[in-house]
Amino acid sequence: MSDTKIPGTETVIDETFGVAITRTLPPPPSGYNVVVGVDFDTTGDNAMAEALRLADTREDVEIHAVYVITRNIETIRADILAKRTTELEDIPAKLRKHIETRFGALVAKLARLVLHVRVGEPAAALHQLAVDIDAELIVVGTHGRTGLRKLALGSVAQKLLEGAHCPVLVARPRDYSGLEKTPRPEPLCPDCATARAESNGEKQWCDWHARPHVRAHTVGHSENVGGRSPGIV
């Protein structure tokens, strides 16, 4: 049951106590809303960096940066409740300073940046905010290579990938060190083409390319469609 009388609010009956309470409604979406899981380490920074990279491609991106307090969320001890209240009061300022220090110039280009602090299970809290603001995307991070292991073991990212009702982007550091690129493909040489045609495909290579190679001969095809003439590169 609800009875909205004040703009931007709604009055509902609390199921636990049976009393009417008035709560503020979240603002209606006015842009491309992106929920970003943030904290104060590289995981949150990776997620924020990817969200800002997206924001740089369009003018209507609203980033909703979310910090989730997960410690002792089931307890009702007075000292824990007091500590949680202090965190809820202090974290927004710390979060704002961290984001401005780390991404100040990029944040200034945003249509809007909204900071959220929620208490609960991280994946559920991120997804609930996405529902509340009709988010187009959720962005979360992982810790480098170890992130894959955490992803497989039921991390926040994995839970969101399995249960979210919108696209989820898992941000990781860009690092190709120690990895070899694919050998540059070569166009099919005329002699190889002749050998295939004359043998009905039984012979794939000419005598030159059939000789033993340290690295296998590879053939590939790539095209530039639009802007430049298609061709083999």
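Odds and ends about this structure:
- Residues whose placed amide H lies under 5 Å from that of I69, excluding near-sequence neighbours: R118, V119, G120
- Rounded to the nearest 0.05, the FRET efficiency derived from the C-beta distance between V114 and T42 at R0 = 22 Å is 0.45.
- Counting charges near A49 (Lys, Arg +1; Asp, Glu -1) among other residues having Cβ under 15 Å from its Cβ returns a value of -2.
- Residue-by-residue Karplus 3J(HN,Hα) for the stretch 163-173, coefficients 6.51, -1.76, 1.60, Hz, glycine and proline x: x, 5, 9, 8, x, 10, 10, 9, 8, 10, x
- On the basis of the beta-carbon distance and an R0 of 22 Å, E162 and D132 show a calculated FRET efficiency of 0.60.
- Gain on full stretching of the segment that runs from K203 to L106 - 0.36 nm per residue minus C-alpha separation: 29.2 nm
- The amide H of V139, built 1.01 Å from its N in the peptide plane, has V35, V36, G37, L169 as neighbours under 5 Å, considering only residues 5 or more places off or on other chains.
- Net +/- balance of residues flanking A108 in space, Cβ distance below 14 Å, scoring K and R +1, D and E -1: +1
Computed from the coordinates by the stated procedures, all read-outs in this text should not be read as laboratory data. Nothing here was measured: the structure is a model prediction, and the numbers come from that model. Because the Cβ atoms are built from the backbone with ideal geometry, glycine has one as well, and the counts that use them run over all protein chains shown.
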